[in-house]
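Take a look at the structure below.
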Amino acid sequence: MKVVKSKKALKEEIHRAKKEGKIIGFVPTMGYLHEGHLSLIREAKKECDYIVVSIFVNPKQFNSEEDLKKYPRDFERDQGLLRQENIDLLFLPEIEEIYPEEPKIYLDIPSLTNKLCGIYRPGHFPGVLLVVLKLFHLVEPHKAYFGKKDYQQYLIIKQMVKDLDLDIDVIGCSLIREESGIALSSRNARLSPNGYSDALLIYRALNIAKKEWQKGERNPENLKEIIKDIVETGALNRVEYVEIVDPNTLESVKEAKEGDLIAVAVYTENVRLIDNIELRGES
Ligand code: PAF
């Protein structure tokens, strides 16, 4: 695994790989890697023969200095994990390399960002779009891999690629859970044992709502109420939102149907956790 910190060195490596006819698979991350990230790398390896991972904690997508400061980091451990996965290239830039000066451009897709997390995190998705577009230009991947835990992010990036005619295949990969059911997230590391046990209620609630839907409950308000009630039995939990949305438009639905998505954001001990589940006939 080669580690590069500058855009120049990154481009040299990429151009060499492209000259050799390699198919470039890209997994952008903010580090503190877990099985979810590793599953993206493994997906990429199935379809590509040159794997690039970036680790960059992007300040532009954080809503508060405190959240940015508290974001867990362990670049040494991350590099060890990436070596085990046998990736080809790690891009590990400093902030000044990505933002040598304050960018003046502002990217947004309001019809997708003015919903769900975008309502509560103003500027977050424009910050994600900016860094991902920059990274796409630098890495020039054939395929890029995103986890569907961040479903809204995945959809927004897919839309950007479509609107800007970028020649990149954006691939959404399944959300990965621990055995306990909790969705893998770098933020889980900030939970205390009590917080962790309250956070387990999130997936439990999503599952119970899905079962109610399978039994015939179609009213989104009733399903949302079920989830809220269960999650809020956890003393450390505060529901930010629960929505049932069309997976293509993220519009709230009037009747919950097959393929719709239940998306939630919950604060557990001041740690913001998101999760989602697809409504499907089978379990
Ligand atoms: O999902 C993430 O980790 C980040 O939002 C991403 C896509 C790496 C952009 O900073």
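Coordinate-derived values only; no laboratory data. Keep in mind that what you see is a predicted model, and the values were worked out from it rather than measured. All Cβ positions, glycine included, derive from the backbone under ideal geometry; neighbour counts span all protein chains shown.
Which of the GluC sites (Glu not before Pro) found in the stretch 33-125 are loop residues per DSSP with 12 or fewer other Cβ atoms within 10 Å of their Cβ?
On the way: sites: Glu35, Glu43, Glu47, Glu65, Glu66, Glu76, Glu85, Glu94, Glu96, Glu97, Glu101; in loops: Glu94, Glu101.
When the GluC sites (Glu not before Pro) of the stretch 33-125 are filtered for loop state and at most 12 Cβ neighbours within 10 Å, Glu94, Glu101 remain.
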- Could you give the length gained on full extension between Glu12 and Asn63, defined as 0.36 nm per residue of separation minus the Cα-Cα distance, in nm? 15.0 nm
- Query: Around Ser54, which amide H atoms from residues at least 5 apart in sequence, or from another chain, sit under 5 Å from its own amide H, with H modelled in the peptide plane?
  - Reply: Val27, Thr29, Phe91
- Message: Straight-line reach only, C-alpha to C-alpha below 18 angstrom: list the lysines that Lys115 could link to, leaving out same-chain residues fewer than 8 apart.
- Response: Lys148, Lys149, Lys158, Lys224, Lys254
- Note on the structure: Unit-weight point scatterers at every alpha-carbon of the stretch 182-271, Debye formula, q = 0.20, 0.24 1/Å: log10 I(q)/I(0) is -0.90, -1.15
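Out of all Cα-Cα pairs in the stretch 72-112, roughly what percent, to the nearest whole number, are more than 17 Å apart?
Values: 472 of 820 pairs.
Value for the stretch 72-112 (Cα pairs over 17 Å): 58 percent.
Under 8 Å for C-alpha pairs, at least 6 residues apart: give me the relative contact order for the stretch 175-276, rounded to a whole percent.
Working: 158 pairs, mean separation 27.2, N = 102.
Across the stretch 175-276, relative contact order equals 27 percent.
Charges only on Cβ, +1 for Lys and Arg, -1 for Asp and Glu: so what's the dipole of the stretch 190-267 about the Cα centre, in debye to the nearest 20?
Details: 11 positive and 14 negative charges, 55 e Å.
Computed about the Cα centre, the dipole is about 260 debye.
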- Query: How large is ³J(HN,Hα) for each residue in the stretch 143-152, as worked out from phi by the Karplus curve 6.51 cos²θ - 1.76 cosθ + 1.60 (θ = phi - 60°), to whole Hz, x for Gly and Pro?
  - Reply: 9, 10, 10, 10, x, 7, 5, 8, 4, 5
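Classify the stretch 124-283: rounded, prolate or oblate, from the alpha-carbon gyration tensor (a ≥ b ≥ c, eigenvalue square roots; a/c under 1.5 rounded; otherwise prolate if a/b is larger than b/c)? Before the final figure, lay out the partial values.
Details: a/c = 2.23, a/b = 1.42, b/c = 1.57.
Note, shape of the stretch 124-283 comes out oblate.
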- Query: Compactness ratio of the stretch 18-117: Cα Rg over 2.2 N^0.38 Å, N = residue count?
  - Reply: 1.24
- If contacts are Cα pairs under 8 angstrom and at least 6 residues apart, what is the relative contact order of the chain in percent? 17
- Item | Mean separation of Cα contacts under 8 Å (6+ apart) over length of the stretch 125-171, as relative contact order % | 46
- Antiparallel DSSP beta bridges within the chain, as percent of all bridges there, nearest 5: 50
- Given only helices, namely DSSP H runs of n ≥ 4 each adding -39500 (n - 2.57), what is the per-residue ellipticity at 222 nm of the chain, to the nearest 500 deg cm²/dmol? -12500 deg cm²/dmol
- Mind listing the Cα extents of the chain along all three principal axes, in Å, largest one first? 56, 39, 38
- Item | Spatially proximal aspartates and glutamates relative to Lys215 (Cα-Cα < 12 Å; intrachain offsets below 8 disregarded) | Glu282
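Normalised by the empirical 2.2 N^0.38 Å for globular proteins, what value does the Cα Rg of the stretch 88-209 take?
Values: Rg = 16.8 Å, N = 122, 2.2 N^0.38 = 13.7 Å.
It is 1.23.
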- Message: Cut-off 18 Å, label point 7 angstrom out along Cα-to-Cβ of Lys2: give me the residues of the stretch 22-54 whose amide nitrogen falls inside.
- Response: 22-27, 49-54
